[in-house]
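This report refers to the structure that appears directly beneath it.
The values are calculated or read from the model by the stated rules, or taken from the named source; none is laboratory data. Computed from a prediction, not measured in an experiment: that's the story for all the values here. A quick note on method: Cβ atoms are made from the backbone with ideal geometry, for glycine too, and the neighbour counts reach across all protein chains shown. In case anyone asks, the SASA skips ligands and DNA or RNA and just uses the protein heavy atoms, side chains included. Shrake-Rupley method; radii C 1.70, N 1.55, O 1.52, S 1.80 Å.
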Amino acid sequence: MPKVTVDGQEIEVPHGATVLQACELAGKEIPRFCYHERLSIAGNCRMCLVEVKPGPPKPQASCALPAADGQEIRTDSDMVRTAREGVMEFLLINHPLDCPICDQGGECDLQDQAIAYGRGASRYEENKRAVTEKYMGPLVKTIMTRCIHCTRCVRFSEEVAGVDEIGALYRGEDMQITTYLEHAAKHELSANVIDLCPVGALTSRPYAYEARPWELSKTLSIDVSDAMGANIRVDSRGGAVLRVLPRINDDVNEEWISDKARYQVDGLALRRLDKVWLRKKGRLQQASWDEAFTAIAKAKAGSSVAAVAGDLVDCETMFAAKALLAALGSDLLESRQTGMSYPTDSLALVNFNSTFAGIEEADAILIVGSHVRWEAPLLNARLRKAVKRGAKVFIVGPHWETTFPAEFLGEDAGVLHKLPGHVGEVMSKAERPAVIVGGGGLVAGALHPALALAQAWNAGFNVLHFSAARMGALMLGFAQKGGIADMVNAKPKLLLSLGADEVDYSAFGDALKVYIGHHGDKGAHAADVILPASAYTEKPGTYVNTEGRVQLADKAVFAPGDAREDWTILRALADALGVNVGFDSFTELRAAMAAAVPALGREGLADYGPLPKADAKAKAAGAIVYPIKDFYLTNPIARASHTMQRCSAELLHGEDFAEAAE
């Protein structure tokens with residue numbers, strides 16, 4: 001390992017490290033605008049200048065200079081300070097003086113570094129350059145006169161998202177960053193460029209002029225828009241969630257989140273259930289909690305009870321519901337709302353066993369029945385990394401627009417029993433092959449046939465869920481052998497719906513349907529009793545992502561109106577039904593859950609044991625249908641969101657929206 005000296009301190013650095021990375025290892029702060037750890041090196045902002053000996057007697061860009069044995073690096077010499085002041089002065093030549101009205105104010109790299117490394121005065125007296133604004137869609141607001149041409153947005157779109165929609169036109173002072181023909185950026189990770197932009201050129205359109213960062217309360221949470229379990233930060237003011245930003249977690253989401261995770265939150269304030277409702281004479285009418293509990297108690301008397309969990313529910317809510325049903329003598333629990341009935345005896349069989357970070361190392365991948373871009377956009381970015389490293393990708397299912405080279409083998413799941421010869425050859429010869437089965441593959445019966453192939457190839461076997469609550473529900477036993485059909489056949493007289501909006505409630509006939517949820521969506525329309533509950537930002541909770549990673553979320557704001565945290569509703573309902581569930585506080589509930597399922601009491605990857613042997617008799621058949629029809633409208637929060645509705649209309653369905661003059 002090379003040894004370098006940074007400001008008199010000798011350190012060893014890894015082979016291939018840059019001078020900038022060496023300085024950071026030595027604890028020195030190096031200013032930068034274009035350099036980013038997860039993007040290729042551009043070396044075009046020149047802010048990271050340092051003095052290096054041996055070498056020419058001039059400052060050098062540390063981000064693009066390899067660290068070599070024997071180098072003496074100075075980060076604080078007069079030459080370096082003068083050079084950085086000069087670079088900053090040039091960057092500010094054309095930058096507009098609109099910090100007071102810029103949404104980047106208070107968290108702007110240019111502001112911070114101008115104070116730390118700038119001259120403190122300007123010598124420029126010429127007219128500033130101005131650039132016309134560019135339209136980048138309903139999510140990204142542009143004021144391109146502020147752009148300093150760091151090209152982070154260009155490199156992110158090309159390298160991480162895999163969609164070449166942002167680029168540069170012209171040269172020199174005339175250079176402009178824009179989307180292709182100034183159309184909207186149409187991919188699921190487009191708004192990450194807002195976080196990457198070091199100035200106020202790209203800001204959040206829905207969040208424009210809403211708040212300053214110092215006004216916001218910041219809460220650590222977990223995204224529930226898909227099963228990836230992305231780590232997020234919820235920024236709120238008063239009782240309103242104003243924005244969601246990603247948190248760095250290299251094992252899960254790196255530092256990206258999907259556009260839906262970021263922007264569905266305006267739906268938290270719309271279509272909310274904040275009163276108790278009771279159906280009387282065919283119409284829902286406002287009622288009290290006592291009236292609702294009395295109606296439920298009457299329906300329950302001497303009858304069976306069932307509970308179905310929705311896609312956004314936390315583990316504590318499901319455990320509380322399970323404890324209530326157990327006290328009532330029932331085990332009719334289900335979470336697979338749309339009727340899937342795959343076996344759950346072994347959780348390793350339905351887990352993403354390769355892990356998200358591990359899938360990057362795969363050199364041959366077979367995807368069965370998954371539109372990965374819509375079901376897990378962040379996993380799609382990981383697959384791009386694998387392809388960059390030489391992985392071959394084969395897909396069984398209807399065609400979708402991939403962001404990496406892939407071969408589609410057919411739409412029928414039966415293809416698994418007669419794969420083309422070259423596919424078997426590539427997969428069997430690969431050193432680290434992997435198989436991924438999505439929701440469409442599970443419905444088509446591809447679970448065991450795909451497992452048989454994975455075991456024949458000695459490949460990593462993975463199931464990709466698309467519901468944030470799914471793995472937690474399976475760990476808690478929210479699954480019937482025959483799926484929701486078993487619950488229908490049991491003909492319960494009381495059905496508890498825990499935010500389940502995709503269920504066909506007509507199949508439950510005369511059962512009293514009690515909806516415990518937060519939005520007036522499909523489930524609430526079918527309900528006989530509505531008990532208003534908390535959304536994911538309004539309660540603490542435990543979530544398990546599709547790779548079996550247990551993660552905790554905190555409460556950011558209070559629920560509106562009469563809405564309560566779900567577990568408190570179930571606890572009060574237990575009293576109304578005259579049974580004991582064994583807990584009186586959230587702490588007791590979480591302790592009881594950890595005692596019943598120890599893996600839920602520890603953060604990190606759960607151990608589900610070895611994979612079972614594949615069932616050789618199982619046959620996959622039928623055309624694969626992907627479970628997600630509209631990426632932006634997959635859950636009740638997103639469906640209530642004006643931003644998501646506009647994204648769906650404009651980006652997926654081609655509707656035009658007139659832009660107001662600014």
### Task
Could you check how many residues of region 174-195 are touching a residue at least 60 places away in the same chain (Cβ under 8 Å) and either farther than 21 Å from THR643 by Cα or open to solvent by 60 Å² or more (accessible area, probe 1.4 Å) (or both)?
2
### Query
Has region 604-611 got at least one residue that is more than 18 Å from ASN545 (Cβ to Cβ), out of contact with any helix residue (DSSP H, G or I) (no Cβ under 8 Å at 6 or more places or on another chain) and either open to solvent by 50 Å² or more (accessible area, probe 1.4 Å) or of a type outside the set (D, E, K, R) (or both)?
no
### Residue list for region 264-277, filter: touching a strand residue (DSSP E or B) at 6+ places or on another chain (Cβ under 8 Å) and either free of Cβ contacts under 8 Å to residues at least 12 places away in the same chain or open to solvent by less than 20 Å² (accessible area, probe 1.4 Å) (or both)
VAL265, GLY267, LEU268, LEU273, VAL276
### Message
Please determine whether any residue of region 113-122 is in contact with a helix residue (DSSP H, G or I) (Cβ under 6 Å, 6 or more places away or on another chain), surrounded by fewer than 20 Cβ atoms within 10 Å (Cβ to Cβ), at positive phi and modelled with pLDDT of 90 or more.
### Response
no
#### Entry: helices (runs of 4 or more DSSP H) contained in region 548-662 and holding at least 2 residues among the polar types (S, T, N, Q)
642-647
### Message
Step by step: first the residues of region 123-157, then only those that are basic (Lys, Arg) and open to solvent by 50 Å² or more (accessible area, probe 1.4 Å), then the one that is farthest from the chain's Cα centre (by Cα). Which residue is that?
### Response
ARG123
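Yes/no per residue for (1) out of contact with any helix residue (DSSP H, G or I) (no Cβ under 7 Å at 6 or more places or on another chain); (2) part of a strand (DSSP E or B); (3) open to solvent by 20 Å² or more (accessible area, probe 1.4 Å); (4) at pLDDT 95 or above:
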site	(1), (2), (3), (4)
GLY302	yes, no, yes, no
MET318	no, no, no, yes
ARG336	no, no, no, no
MET340	no, no, no, no
THR344	no, no, yes, no
### Query
Which of the residues belonging to region 550-566 are open to solvent by 30 Å² or more (accessible area, probe 1.4 Å) and more than 25 Å from ARG243 (Cβ to Cβ)?
ASP562, ARG564
#### Entry: Flag for GLY86 being at pLDDT 90 or above, farther than 30 Å from PRO405 by Cα and not in a helix (DSSP H, G or I)
no
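Rundown of residues vs (1) in contact with a strand residue (DSSP E or B) (Cβ under 8 Å, 6 or more places away or on another chain); (2) at pLDDT 95 or above; (3) closer than 14 Å to ASN231 by Cα, yes/no style:
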{"position": "VAL514", "(1), (2), (3)": "yes, yes, no"}
{"position": "LYS522", "(1), (2), (3)": "no, no, no"}
{"position": "ILE530", "(1), (2), (3)": "yes, yes, no"}
{"position": "SER534", "(1), (2), (3)": "yes, yes, no"}
{"position": "THR537", "(1), (2), (3)": "yes, yes, yes"}
{"position": "VAL544", "(1), (2), (3)": "yes, yes, yes"}
{"position": "VAL550", "(1), (2), (3)": "yes, yes, yes"}
{"position": "ASP554", "(1), (2), (3)": "yes, yes, yes"}
## Note on the structure
Over region 361-377, the set of residues within 16 Å of GLU188 (Cα to Cα), in a loop (DSSP other than H, G, I, E, B) and open to solvent by less than 10 Å² (accessible area, probe 1.4 Å) is SER370, ALA376
